[in-house]
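These notes concern the structure reproduced below.
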Amino acid sequence: MVLSDGERLILVMLAEVYKHHGIKGEIDPDFVLATIFNNQTWAFRWKYGSIVREDQKQPEIVEETCDILDMYRHMSNSLKKLDAAQLSAIKKRTDPFDDYLKFQGFDFNNDEHATVVDHLVKHLDRYTEINPDLNSHSSATIQQYRKMLTRYQKNRPAHGELTPEQIIAIVKG
């Protein structure tokens, strides 16, 4: 959703009036304020799809962030099903990229994905198993995620868990 400066100001003022008067309705004023101040207006359609029916395409950064988080969700669920020996073997075979077996976060200073994941988790209750406060402190993290995502899309099964070999292929290539 693209909002003009005037529309943003009006929404902020209305949300503050809602909060000040303790109005309980369909709209969450804290969500409205966070969404506008964080410039994540795409989230209005996610939360209020029955009200906001705009047919605009999802921003690419939101799609990519969700794809990365979906990949990590699938990988994490698959890793939980493995025994200690399998986990140890995967860790050895993915070295020096074995840190990427777990979500490392995004670089808060250089990567807009950090704001998207923060909004997804804290304001939309999505991907709640992900810690949105993880700061990778590296602008190279997103490049590694993109490489992994490409390999994931080639290696993932149609359904079911990832095999150890698939996990290794995704992480190390």
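Annotations for the structure displayed:
- Heavy-atom accessible surface of the chain: percent carbon and sulfur, 1.4 Å: 50 percent
- Relative to the longest principal axis of the Cα atoms of the chain, the long axis of helix 5-20 makes an angle of roughly 80 degrees.
- Counting lysine pairs in region 1-135 that sit 8 or more residues apart in sequence, or on different chains, and whose Cα atoms lie under 27 Å apart gives 17.
- Estimated translational diffusion coefficient (Stokes-Einstein, Kirkwood radius over Cα pairs, 20 °C, 1.002 mPa s) of region 51-95: 162 µm² per second.
- Solvent-accessible surface ranking, highest first, for Asp55, Asp111 at 1.4 angstrom: Asp55, Asp111
- Near Ser138: Cβ cut-off under 12 Å, other residues only, Lys/Arg at +1 and Asp/Glu at -1. The net charge is -3.
- For the chain, diffusion coefficient by Stokes-Einstein and Kirkwood Rh (Cα), 25 °C, 0.890 mPa s, µm²/s: 136 µm²/s
- Taking the charge dipole of the chain about its Cα centre, with +1 at Lys and Arg Cβ atoms and -1 at Asp and Glu Cβ atoms, the residue from Pro29, Tyr18, Ile167 reaching farthest to the positive side is Ile167.
- Selected from Leu3, Tyr72, Thr41, residue furthest toward positive end of dipole (the chain; charges at beta carbon): Tyr72
- Cα convex hull of region 103-145, projected area averaged across orientations, nm²: 2.6 nm²
- Taking the convex hull of Cα positions in region 15-63, its mean projected area over all directions (nm²): 3.7 nm²
- In terms of its C-alpha gyration tensor, region 98-173 has an oblate overall shape, because the principal axis ratio a/c (a ≥ b ≥ c, square roots of the eigenvalues) is not below 1.5 and a/b does not outweigh b/c.
- FRET efficiency for the Leu87 to His159 pair, using the beta carbon distance and R₀ = 30 Å, is estimated at 0.85.
- Over the chain: helical MRE at 222 nm, DSSP H runs n ≥ 4 each giving -39500 (n - 2.57), nearest 500: -17500 deg cm²/dmol
- Extended-chain gain in nm, criterion 0.36 nm per residue less alpha-carbon gap, Arg126 and Ser76: 16.4 nm
- Using the 1.4 Å probe convention, the accessible area of region 64-155 works out to 54 Å² per residue with neighbouring protein chains retained.
- Scaling against 2.2 N^0.38 Å puts the C-alpha radius of gyration of region 1-102 at 1.62.
- If you run the Gaussian network model on the chain, springs between alpha carbon atoms under 10 Å, then out of His20, His113, His159 the most flexible one is His159.
- Unit charges on C-beta of K, R, D, E only; dipole of the chain, Debye: 660 debye
- Residues Met13, Met75, Met1, ordered by accessible area of protein heavy atoms at a 1.4 angstrom probe radius and largest first, appear as Met13, Met1, Met75.
- Taking every alpha-carbon pair under 8 Å whose residues sit at least 6 apart, the chain reaches a relative contact order of 22 percent.
- Springs between Cα atoms under 10 Å define the GNM used for the chain, and in it the highest mean-square fluctuation of Ser139, Ser50, Ser78 occurs at Ser50.
- Rg [Å, one decimal], Dmax [Å, integer] - region 69-110, C-alpha atoms: 11.9, 38
The values are calculated or read from the model by the stated rules, or taken from the named source; none is laboratory data. Computed from a prediction, not measured in an experiment: that's the story for all the values here. Note that each Cβ is placed from the backbone with ideal geometry, even for glycine, and that neighbours are counted across all protein chains shown. Each accessible area value is taken on the protein alone, full model and side chains, heavy atoms only, with ligands, DNA and RNA left out. Shrake-Rupley method; radii C 1.70, N 1.55, O 1.52, S 1.80 Å.
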